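The values are calculated or read from the model by the stated rules, or taken from the named source; none is laboratory data. All of these numbers come straight from a predicted model, not from anything done at the bench. Positions of Cβ are backbone-derived with ideal geometry, glycine not excepted, and every protein chain shown enters the neighbour counts.
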Amino acid sequence: MALGVYWATLSLCLFLVVLMLDRMGFFSRKNHLEVDGRTVLITGGSQGMGRALGKLLARKGANVIIVARNEAKLAEALHYISSSAKDPQKQRFHTISADLTKSDENIRIINEATKWNNGHPPDIVWANAGSSYPHLFIDTDIDTLRSQMDTNYWTAAYLAHATLRAWLKPTASKSTRPDDKPRHFIMTSSLGALVGLAGYGTYAPAKAAMRSLADNLRSELHLYNGHRRTNPTSGPPADVKIHCVLPGSITSPGYEEENKVKHPVTKILEEGDTKQTEDEVAAAAVKGLEHGEFLVTTTLLGRAMKASMMGSSPRSHWLVDTLIAGVINWAWLFIGPDLDKKVSQYGEKNPVQLPS
């Protein structure tokens with residue numbers, strides 16, 4: 001018995017040391033997301049996480065294009081982002097007003113961005129647009145359910161389709177290519193894609209679909225990247241990498257709006273969750289991308305949830321993720337029933353409106 005406790009304690013200490021080293025970036029030294037001098041397009045860039053991403057990437061030397069519907073907000077955000085430029089004399093900034101829920105608008109966005117970028121498509125495209133309407137599923141009208149899928153999933157899918165078709169066109173002359181660094185398509189999903197909670201049936205399925213799309217596109221892109229290896233002059237001009245970012249709660253105007261419609265039981269389930277500012281979540285997301293991660297979380301809780309739900313997705317760090325997955329799979333034996341109990345107890349103590 002004493003020997004078992006000794007080895008359990010030793011294993012736990014080793015796990016904590018490895019986790020600490022991982023968070024310090026010990027296992028990934030190369031920058032896998034070079035943005036200095038490159039062009040980044042960010043949807044949902046007029047506020048919240050998108051605006052913070054634009055500021056951070058501008059600080060790192062990127063040319064930034066932000067996309068949203070509201071032109072006044074875009075103008076304000078552009079000033080905010082450009083004021084953080086690493087080199088104001090060289091960097092360029094641009095806005096595009098568009099309705100991302102329409103497929104042809106996404107094609108227009110890529111075409112306009114390409115023309116603005118001296119005939120080259122953006123090097124990095126970040127599908128960040130979206131909104132959350134957390135509410136009980138049966139209390140939500142069908143139009144809102146469809147709107148949540150359009151706003152969160154289809155905006156990313158349409159943009160991915162338009163972007164990848166532009167990126168994968170063969171370039172006959174290598175001299176016409178600005179560089180051969182990998183291009184990155186990034187989607188902002190949510191931790192809601194990894195766990196089911198009462199009150200998120202309106203929103204989380206769209207984010208789960210986005211995570212699934214990222215998994216499938218990552219696999220498909222090996223086809224084109226592999227073709228490029230043997231066709232360097234007539235194949236696609238650069239490798240393409242897919243990423244999916246899974247943030248949790250972000251303290252922003254959007255979060256305040258969510259809480260106005262969020263059911264009380266959902267708030268109970270979220271008690272104790274780590275909340276991040278838009279700058280904190282942007283910094284954590286970019287750091288994970290710079291480390292070369294495919295699925296990027298922005299908090300320790302998110303990292304733990306990701307490790308236990310990765311399926312066939314590539315591990316960021318095989319040892320850390322495997323260790324965490326083992327621990328969290330055991331933890332869910334207690335966490336899951338506790339969450340279910342809280343929902344059940346709320347139903348026992350409070351009136352529940354049933355459909356008429």
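Side notes on the structure shown:
- From the options 127, 113, residue that is under 29 Å from residue 275 (Cα atoms) and buried (at least 18 other Cβ atoms within 10 Å of the Cβ): 127
- Selection status of residue 86, surrounded by fewer than 16 Cβ atoms within 10 Å (Cβ to Cβ) and closer than 17 Å to residue 123 by Cα: no
- Tally, over the range 277-287, of residues that are surrounded by fewer than 23 Cβ atoms within 10 Å (Cβ to Cβ) and either of a type in the set (Gly, Ala, Ser) or farther than 13 Å from residue 50 by Cα (or both): 3
- Leading residue by the ranking (surrounded by the fewest Cβ atoms within 10 Å (Cβ to Cβ)) among those in the range 136-148 that are over 23 Å from residue 278 (Cα atoms) and not charged (D, E, K, R): 142
- Residue within the range 124-138 that is over 21 Å from the mean Cα position of the chain (by Cα), of a type outside the set (A, V, I, L, M, F, W, C) and over 13 Å from residue 39 (Cα atoms) present: yes
- Looking across the range 212-249 at every residue that is closer than 26 Å to residue 275 by Cβ and buried (at least 20 other Cβ atoms within 10 Å of the Cβ), the one that is farthest from the chain's Cα centre (by Cα) is identified as 214.
- So residue 34, is it within 19 Å of the chain's Cα centre (by Cα), among the acidic types (Asp, Glu) and on the phi < 0 side of the Ramachandran plot: yes
- Hits in the range 233-290 (condition: more than 22 Å from residue 185 (Cβ to Cβ) and among the β-branched types (Val, Ile, Thr)): 233, 251, 261, 265, 266, 268, 274, 277
- Candidates 297, 322, 251: the one that is at pLDDT 85 or above, under 30 Å from residue 220 (Cβ atoms) and not hydrophobic (A, V, I, L, M, F, W, C) is 297.
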